[in-house]
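Following: one structure in structure tokens, then a few remarks.
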Amino acid sequence: MNASNLKTLPIELDAQRLPQHVAVIMDGNGRWASKRHMPRIAGHRQGAKILKDLVRCCKDWGIPALTAYAFSTENWRRPSEEVDFLMALFEKMLRHELKELDREGVRLSFIGDLNGLSPTLQQVMADAMEQTRENTAVHFSVAVNYGGRHELVEACRSVAGKVQRGELSLGEISEDDLEQQLYSGGTPCPDLLIRTSGEQRLSNFLLWQLAYAELYFTDAFWPDFDRAAFAEALVEFQARDRRFGGLKDKGIPAPAALLTA
Ligand code: FPP
């Protein structure tokens, strides 16, 4: 990979066939830090810097949506010092970066069971979402206290409520009805999922939304996942033959409905 000027899209990549939404599972922060005899939180701090640059990279290269898995419903099981550090890091990053992200046209969304977070953090997140609602350069979603199964149960509950109130009949329920009730309702589904640190599983992330995504796994730890590493993932994405269950060759676009389903 020619990494000499990664401010612009590397020449190895075709601007017409970039993913329109990339999802990332940012794994390996702790191992990155341990390898350097540093505390785990140092890995999260460096990981946050990498994420910040990835948002800007998406803008620079013309990728309109990025979703990052920052904290799962299972992450509460970690030592309380680490959980507290992560919560404080989310708040600090938001307070420090919001103005600049807003100026750059980034729309911020937080997805997950946000009611489980501290009232202060909920407020900072709600303000950030409101302030950036009209921005269109990149849609950056951060999954916090997120669990894919929980999201689906909640979506089912909402659809069932509509049926109960007589707004929808049982036979009418469509994929679209359910998708609209997801935290990400209205955002096109990711077409590429990247997971770092050599682990190869979804870990309850975007279970519905990743149905047709290409999966890319790399051994790099998240804090090392720089623009050059991202470019490698995109090269691999562009080499994949995306058939969406059909027989068509790559380069032939899938039906629009499938691109969002
Ligand atoms: C997984 O690595 C990482 C996390 C659970 C936290 C990810 C959060 C950040 C990178 C900060 C993001 C900041 C903002 C503002 C959204 P791990 O700790 O499980 O690593 P390990 O598997 O090596 O232990």
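The values are calculated or read from the model by the stated rules, or taken from the named source; none is laboratory data. What you are looking at is a predicted structure, and each value in this text was computed from that prediction instead of being measured. For neighbour counting, all protein chains shown are included, and Cβ atoms are generated from backbone atoms with ideal geometry for every residue, glycine included.
Quick one: is residue 242 surrounded by 15 or more Cβ atoms within 10 Å (Cβ to Cβ) and modelled with pLDDT under 95?
On the way: surrounded by 15 or more Cβ atoms within 10 Å (Cβ to Cβ): yes; modelled with pLDDT under 95: yes.
Spelling it out, residue 242 is indeed surrounded by 15 or more Cβ atoms within 10 Å (Cβ to Cβ) and modelled with pLDDT under 95.
Report yes if residue 13 is more than 10 Å from the ligand (Cβ to nearest atom), more than 16 Å from the chain's Cα centre (by Cα) and not in a helix (DSSP H, G or I), otherwise no.
On the way: more than 10 Å from the ligand (Cβ to nearest atom): yes; more than 16 Å from the chain's Cα centre (by Cα): yes; not in a helix (DSSP H, G or I): yes.
When the stated conditions are applied, residue 13 passes them.
State which residue pairs qualify: first residue free of Cβ contacts under 8 Å to residues at least 24 places away in the same chain and inside segment 120-139, second residue not in a helix (DSSP H, G or I) and not acidic (Asp, Glu) in any location, beta carbons under 8 Å apart, and separation of 6 or more residues or different chains.
129/108; 129/109; 129/110
Specify the residue that is surrounded by the fewest Cβ atoms within 10 Å (Cβ to Cβ); the eligible residues are those in segment 127-147 that are under 18 Å from the mean Cα position of the chain (by Cα) and in a helix (DSSP H, G or I). Break it down into steps so the answer makes sense when it comes.
Narrowing segment 127-147 to residues under 18 Å from the mean Cα position of the chain (by Cα): 128-129, 132-133, 135-147.
Next, only the ones that are in a helix (DSSP H, G or I) stay: 128-129, 132.
Working: 128: 22, 129: 15, 132: 19.
Ranking the qualifying residues of segment 127-147, first place goes to 129.
What residue, among those in segment 72-93 that are near the ligand (Cβ under 7 Å from one of its atoms) and closer than 19 Å to residue 127 by Cβ, is surrounded by the most Cβ atoms within 10 Å (Cβ to Cβ)?
90
Test residue 48 against the criterion of being within 9 Å of the ligand (Cβ to nearest atom), out of contact with any Pro (no Cβ under 6 Å at 6 or more places or on another chain) and outside any helix (DSSP H, G or I), and give yes or no.
Against the criterion (within 9 Å of the ligand (Cβ to nearest atom), out of contact with any Pro (no Cβ under 6 Å at 6 or more places or on another chain) and outside any helix (DSSP H, G or I)), residue 48 does not qualify.
Out of all the residues in segment 120-163, which are more than 18 Å from residue 52 (Cα to Cα), among the small types (Gly, Ala, Ser) and more than 16 Å from the ligand (Cβ to nearest atom)?
Scanning segment 120-163 gives 155, 158, 160, 161.
For residue 106, indicate whether it is within 13 Å of the ligand (Cβ to nearest atom), more than 18 Å from the chain's Cα centre (by Cα), β-branched (Val, Ile, Thr) and more than 30 Å from residue 173 (Cα to Cα). Reasoning before the result, please.
Values: within 13 Å of the ligand (Cβ to nearest atom): yes; more than 18 Å from the chain's Cα centre (by Cα): no; β-branched (Val, Ile, Thr): yes; more than 30 Å from residue 173 (Cα to Cα): yes.
For residue 106, the condition - within 13 Å of the ligand (Cβ to nearest atom), more than 18 Å from the chain's Cα centre (by Cα), β-branched (Val, Ile, Thr) and more than 30 Å from residue 173 (Cα to Cα) - is not met.
Give me the residue from segment 215-227 that is outside any loop (DSSP other than H, G, I, E, B) and free of Cβ contacts under 8 Å to residues at least 40 places away in the same chain and, out of that set, surrounded by the fewest Cβ atoms within 10 Å (Cβ to Cβ).
Taking segment 215-227 and keeping what is outside any loop (DSSP other than H, G, I, E, B), we get 215-217, 222-224, 227.
Still in the list and also free of Cβ contacts under 8 Å to residues at least 40 places away in the same chain: 215-217.
On the way: 215: 14, 216: 19, 217: 17.
Looking at the filtered set, the residue picked out is 215.
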